[in-house]
1. Could you tell me which helices of the chain pass both thresholds, a Cα extent of 24 Å or more along their own axis and a mean Kyte-Doolittle hydropathy of at least 1.6, with helices taken as whole DSSP H runs?
2. Would you pull out the residues with amide H under 5 Å of residue 73's amide H, same chain only if 5 or more places away, H placed 1.01 Å from N?
3. For region 179-259, take the convex hull of the Cα atoms, compute a quarter of its surface area, and give me that in nm², please.
4. Using only the Cα atoms of region 123-179, what do you get for the radius of gyration and for Dmax, in Å?
5. Which values, in whole Å and largest first, are the semi-axes of the equivalent ellipsoid of region 295-391 obtained as the square root of 5 times each eigenvalue of the Cα gyration tensor?
6. Hey, any idea what Rg/Rh is for region 7-104, computing Rh the Kirkwood way over Cα pairs?
7. Just one of (i) 34.1, 109; (ii) 23.5, 74; (iii) 20.5, 64 is Rg and Dmax of the Cα atoms in Å as worked out from the coordinates here. Which one is it?
8. Counting only C-alpha contacts under 8 Å and six or more residues apart, can you give the relative contact order of region 307-372 as a whole percent?
Amino acid sequence: MMITACASGPADMVEMRRALEAGDATPAELVEQAIEHAEAANAELNFIAWPNFNRARRQASVQHAGPLAGIPTLIKDMINEKGSPASWGATALRDNVADEDDPYTRAIRDAGLVSIARSTMPELGLNVVTESPLTGITRNPWSLDHAPGGSSGGGSAAVAAGVVPVAHASDGLGSIRHGAAPCGLVGLKPSRGRNVGDEAMRAISDLGVNGCVSRTVRDTAAWLEATQTRAPGAAFAPVPLVTRPIEGSLRIHAYSDIMRTGAAPDASVARVFADTIALMERLNHSVSDATLPFDGPSAIAVLHDITEGTFSRKLALLAQKLGVEVHPDDLEYRSRTLVEVGNRIDDAHYASAWQKADEMVAAYLRRLDEIDIWMTPTLGTEPVRVGVFSPDGAWLDQRDHLVDYAGYCWIDNFAGTPSISLPMGFSDTGLPIGVQFAACPGGEALLLALAYQIEAAIEWGRRTPPIWFGGASG
C-alpha cells in the first residue's frame, strides 16, 4: 500500500516512517514512487542536476538501520557523494566526480535516507535563485514564472511539489531560508558547529552549514536530530528530538525594514509580517518593535566587501580542493563580473571588513542576550520572477536589488546563530511569504518548539501548490 496523506495533510517523512514500521509500505515502494514523481515533476520544474535512480533503487532494496531509514530525499549538488558528479551548478565542474563522501553525506546515509538525485543550484551557490548555464532554470511549483529561491532552490522545489518529503539544503548567507520561503516550506539553518562535519567550525568566516527543507516542523526536527554531531568537544550538546510546542511567553524583537535603505518591505510582506506579530501576541508572546543593533547601510557595505572579496580569493582554493582548474572565463557572466569586483578589493580593505563584521556580530549577540527571538521577514518581496537575477546579468547591476530582496538572513551566518524560516502567509498574487525567527547559538530546540506552536495555529501543511505530486491534501 502506498501512503499519500496523513490526518493533518499530505504525508510527511514522519508519517512515511510510521507506514514503514507498520508494514504498510516498503522503502522500495517509497523510493519508486518518489522516482516516478520526480520524473514527472522535473519536466515542469527542472530540479534534478544529476539523477541517481538506479543507485537509489539498490539502496532501497537492502535493509538499513537509522532513524529515517527508507525515506527518499535529494542531496544538493554542493556536497560530495562518492562516484557522483559534484558540479556545484557550474559548467566548469560538470565532469568533476567525487572520490569520497563528505562527512554530512555520510550523516544523511547513516540516518537511513535514500537520495534519488542531486538537486539543482546556481553556479557555486552565489545566487538567491536557481538558474545556471549548466542546468538551466529551476521553477517554483507555486508559479512556473517565479523562482524557487536559491541556492537551495532545487531541493525546495521538489519538496514543495510533493516529490519527496524532505531534502538536503545548505546555507552560507541564507540559502536554506531563501529556498524555503518562496516555496512555502520550513527551513532551519542550524548553529555553527552543530552538524556532522562542522565540529571544527568556530570562526566568523565559517559561514556555511548544512540542513534541510521540509513541509512540516516535525520532519525538520527529525532530520536535525539524526544528522547533528555527537562528537566529544562539539560546540553544543546534541539537541533532543523536539516534539512539542513551546510553553510560556517569549520576548520577541520584530524588525522589518530593508537594511540597505531603511525602506519598508513590499506591501504583501508587510501585511504577512504584521499578521505574524498579531499571531505572536495572541499566543501570549511579548513582541516589541526593534531597531537594528548596528547601522544597516554600513552593514550591507561590509557584506558586499566580504562577499566579493571572499569569492575572488577562494575561487583558486576551490579549484585546488577539487583538483579541477577553474578560471574566471569558465564561469557564467554574473560570476565573472563578481570576480572582477572582488579583485579590486585590496587585502587591507578586506581585513577591515572582517573586523567591522566582528563588531556587528558582537552587537547582534548582545541583543540576543536580552531577548529570546529576533524576528524579520525572510525576503523583502514576494518570490521574484525567473530571469530577474539571471546568470547573464552583471553583478553590479543586480547587487542592490539582490540584497534588498534577500538581505535579512546573512547576519545569522556571520554570528553562527540558528534561524528558521516559516511559511506564514501568501502575497496578494498567491505566492508564499516566509517569516524568519532567530535565537542565540545552540537555540535550535527553542526555534523548533516555537515553530510547532505556530504550525498548529495556522496549519500550513494543508496547503499545496498548483504543481503537486504528493497525493491528496487530507
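The values are calculated or read from the model by the stated rules, or taken from the named source; none is laboratory data. Everything numeric here is computed off the predicted structure, so don't read it as measured data. With ideal geometry, Cβ positions are generated from the backbone for all residues, glycine too; neighbour counts draw on all protein chains shown. Heavy atoms of the whole protein, side chains included, go into the accessibility calculation; ligands, DNA and RNA do not. Shrake-Rupley method; radii C 1.70, N 1.55, O 1.52, S 1.80 Å.
1. The answer is none, since no helix passes both cut-offs.
2. 114, 115, 116
3. Mean shadow area of the hull around the Cα atoms is 7.3 nm².
4. When restricted to the Cα atoms of region 123-179, Rg and Dmax are 10.3, 28 Å.
5. In descending order, the three semi-axes are 29, 20, 13 Å.
6. Using Cα coordinates only, the ratio equals 1.00.
7. Checked against the structure: label (iii).
8. 38 percent
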